[in-house]
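Nothing in this text is a laboratory measurement; each read-out follows from the coordinates by a stated rule. Owing to the predicted nature of the structure, the values given are computational and were not obtained by experimental measurement. All Cβ positions, even for glycine, are placed from backbone atoms using ideal geometry, and neighbour counts span all protein chains on display.
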Amino acid sequence: MQLKPFVDPLPLPPVLNASDGKVLQVSMKETEQKLHRDLPPTRVWTYGGCMPGPTIEVQSGKVARIDWRNDLPAKHFLPIDHHIHGAEKDKPEVRGIVHVHGARVQTDSDGYPDDWYVPGQSRLHMYPNKQDAAALWYHDHAMGINRLNIYAGLFGNLIIRDEHEQSLNLPHGEFEIPLTLSDRLLTQDAQLYYPVSGNSEAPWVSEVFGDAMLVNGALLPYLEVQPRRYRFRVLNAANARFFHLKLAGERPFQQIGSDQGLLSAPLTQKAVLIAPAERVDLVVDFSTMAGQHIALYNDALPIMQFRVGGGNVRDGSVVPAVLRDIPRMPESAATNQRLMTLDEYDDCVAEPMLMLLNGKRWHEPVTEKPVLGSTEIWSFVNLTDDTHPIHLHLVRFQILDRRRFDQGEWLASKTIRYTGAPEPPLPNEMGWKDIVQASPGVVTRIIVRFDGYVGKYVWHCHLLEHEANEMMRPFEVVPA
Ligand SMILES: [Cu+2]
């Protein structure tokens with residue numbers, strides 16, 4: 001069906017303040033939501049009754065307590081694969097556990113994948129927010145099914161504010177807008193379709209891409225803007241799709257932040273590539289576009305439209321030339337280095353494809369035990385043909401470099417022979433990150449200080465189908 005573009009206003013999720021000292025109650029529940037004016041309502045699973053869920057705002061340094069309640073139905077409506085670890089037939093069908101992506105929290109509030117709970121139960125999580133202003137996001141992390149739960153709609157934004165950022169006078173209030181991107185496949189009657197393999201006993205597929213691009217849960221919406229600066233907090237909440245964003249006519253915009261907050265200085269960009277779970281913080285100045293309709297594209301396809309009003313508008317916001325100080329972490333600070341392979345096995349009949357980290361499965365004993373407060377360099381040796389967005393819970397890190405290597409030589413002798421010079425991170429990867437795009441045939445190195453708390457956390461590929469099928473491993477921060 002050809003849907004008429006730009007007939008629905010961009011939905012803006014309600015904003016909830018979680019820094020007022022009270023416990024914030026958020027319920028996971030099924031609802032119906034219209035994705036487009038001309039479509040019937042779609043069944044979705046949401047936090048708080050909308051997809052994306054409410055935007056939760058917290059202040060850096062102020063504790064937030066959120067009681068995440070599971071009020072979902074007892075039956076799942078998407079195809080569970082009981083061969084997937086953690087989703088066996090003896091497990092309840094519907095399970096949930098909330099992870100705030102990018103939050104520095106104790107392990108019992110982090111949403112460890114095995115800590116799921118069933119409908120009728122709830123879990124109180126405590127977020128100290130001892131970290132810089134950043135756009136985080138919350139989503140389901142239940143073992144073996146979180147790709148289905150997130151696809152069903154269980155995701156939302158969580159914004160950390162701090163005084164430094166508030167002092168900069170960036171566009172804010174009604175001029176700061178979340179743009180949460182996802183893609184879905186829809187049936188004829190506009191219901192979510194999650195694709196399956198040919199094997200009804202093992203329906204897992206290795207990646208899911210939809211042709212319906214949603215922005216804040218709407219298909220091809222529009223946003224009326226004034227001819228002035230706007231700040232867009234962009235999140236890629238898709239299961240597997242990378243978004244390559246640009247404005248019509250390749251109009252430039254500024255990128256001011258990435259996963260873990262502001263960059264050191266604004267960057268002028270004409271396009272930006274965002275892997276699943278990555279965030280980019282953009283400022284678009286519409287002041288020269290008064291009266292125009294400007295589409296936002298993912299590659300060649302428009303995904304939404306900005307309708308710029310006319311007239312003279314006083315814009316008191318600024319984008320300062322210096323946003324914050326981000327000292328580069330010297331390699332010499334690292335006291336440990338780890339080589340982590342990203343592997344793919346596709347020659348096995350029972351499992352059409354299996355991707356592992358370091359050749360190990362989820363349930364095997366913990367092998368990565370960084371010391372609290374110590375700094376390590378992790379090298380992701382990508383032996384596959386895919387870019388895998390690798391995410392570590394608890395920490396923020398910096399990207400050191402990427403370097404091509406000889407995969408054949410690695411397979412033959414487990415040694416790394418580099419075939420190119422190290423390439424520095426892209427300019428928009430020079431800030432604090434919690435996801436890194438690990439490119440195929442490349443060793444991608446990050447440097448990370450394990451600040452925060454001791455305990456068990458996870459690191460994983462953020463292509464949700466990979467993560468579900470063993471591309472996730474625990475790590476344990478141990479006392480100094
Ligand atoms: Cu992956």
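Listed values for segment 372-386 are Karplus-derived 3J(HN,Hα) couplings in whole Hz (6.51 cos²θ - 1.76 cosθ + 1.60, θ = phi - 60°), namely 3, x, 8, 10, 10, 10, 10, 10, 8, 9, 8, 9, 9, 9, 10, and x replaces Gly and Pro. The alpha-carbon of LYS360 sits under 22 angstrom from the alpha-carbons of these lysines, leaving out residues fewer than 8 places away in its chain: LYS369, LYS414, LYS456.
Panel order for TRP432, TRP137, by other beta carbons found within 10 Å of each beta carbon, from fewest to most: TRP432, TRP137. Here the label points at GLU364 and SER264, each 7 Å from Cα along the C-beta direction, are separated by 3.9 nm in the simple model. The charge dipole of the chain, taken about the Cα centre with unit charges on the Cβ atoms of Lys, Arg (+1) and Asp, Glu (-1), comes to about 1060 debye, rounded to the nearest 20. Close amide-amide hydrogen proximity is noted between GLY452 and GLY373, each under 5 Å apart and 5 or more residues distant or on a separate chain (H modeled in the peptide plane; Pro and chain starts excluded). Taking all Cα pairs closer than 8 Å and separated by 6 or more residues, the relative contact order of the chain comes to 15 percent.
Both radii were evaluated on the Cα set of segment 331-477; the Rg over Rh quotient, with Rh as the Kirkwood radius, amounts to 0.95. Take each peptide in 166-178, 49-61, 203-215, 84-96, count the other Cβ atoms within 10 Å of every residue, and average; sorted highest first, the result is 49-61, 203-215, 84-96, 166-178.
The charge dipole of segment 331-477, taken about the Cα centre with unit charges on the Cβ atoms of Lys, Arg (+1) and Asp, Glu (-1), comes to about 600 debye, rounded to the nearest 20. For the chain, the square roots a ≥ b ≥ c of the C-alpha gyration tensor eigenvalues yield an a/c under 1.5, which makes the shape rounded. Database remark: amide H of SER27 closer than 5 angstrom to the amide H of GLY48, ARG69 (H placed geometrically; neighbours at sequence offset of 5 or more, or on other chains; Pro and chain starts carry no H). Ranked by how many other Cβ atoms sit within 10 Å of their own Cβ, fewest first, the residues TYR453, TYR138 fall in the order TYR453, TYR138.
Each of VAL44, GLY156, HIS141 was placed along the dipole of segment 8-165 (beta-carbon charges, centred on the mean Cα), and the one lying farthest toward the positive end is VAL44. Please compute, over every Cα-Cα pair in segment 76-122, the percentage with a separation greater than 12 angstrom. Result: 67 percent of Cα pairs exceed 12 Å.
Computed from phi, the 3J(HN,Hα) profile of segment 254-262 under the Karplus parametrisation 6.51, -1.76, 1.60 (θ = phi - 60°) reads 10, 9, 10, x, 9, 3, 10, x, 5 Hz, with x in place of Gly and Pro. Hey, if you put +1 on the Cβ of every Lys and Arg and -1 on every Asp and Glu Cβ in segment 52-104, which of GLY61, PRO79, ALA103 ends up farthest toward the positive end of that dipole? Value: GLY61. Computed per residue of the chain from DSSP H runs no shorter than four, each worth -39500 (n - 2.57), the mean residue ellipticity at 222 nm is -1000 deg cm²/dmol. Straight-line reach from LYS29: taking Cα to Cα under 13 Å and skipping same-chain neighbours fewer than 8 places apart, the aspartates and glutamates in range are ASP71, ASP140. Which of PRO9, THR288, ILE446 sits closest to the plus end of the dipole of the chain, meaning its Cα is farthest towards the positive end, when Lys and Arg get +1 and Asp and Glu get -1 on the C-beta? Farthest towards the positive end: THR288. In segment 154-224, Rg over Rh equals 1.16, where Rg is the alpha-carbon radius of gyration and Rh the Kirkwood radius from pairwise Cα distances. When the inverse distances between all different Cα atoms of segment 173-308 are averaged and flipped, the Kirkwood radius reads 16.0 angstrom. Here the residues TRP45, TRP410, ranked from fewest to most Cβ neighbours within 10 Å of their Cβ, fall in the order TRP410, TRP45. Net charge dipole, segment 218-358: roughly 940 debye, given to the nearest 20, about the Cα centre with Cβ charges of +1 for Lys and Arg and -1 for Asp and Glu. Neighbours of PRO252, meaning other residues whose beta-carbon lies under 10 angstrom from its beta-carbon, give a summed charge of +1 when Lys and Arg score +1 and Asp and Glu score -1. Here the Karplus relation 6.51 cos²θ - 1.76 cosθ + 1.60, evaluated at θ = phi - 60°, turns the backbone of segment 39-54 into coupling constants of 10, x, x, 10, 5, 9, 9, 10, 9, x, x, 8, 10, x, x, x Hz, with x for every Gly and Pro.
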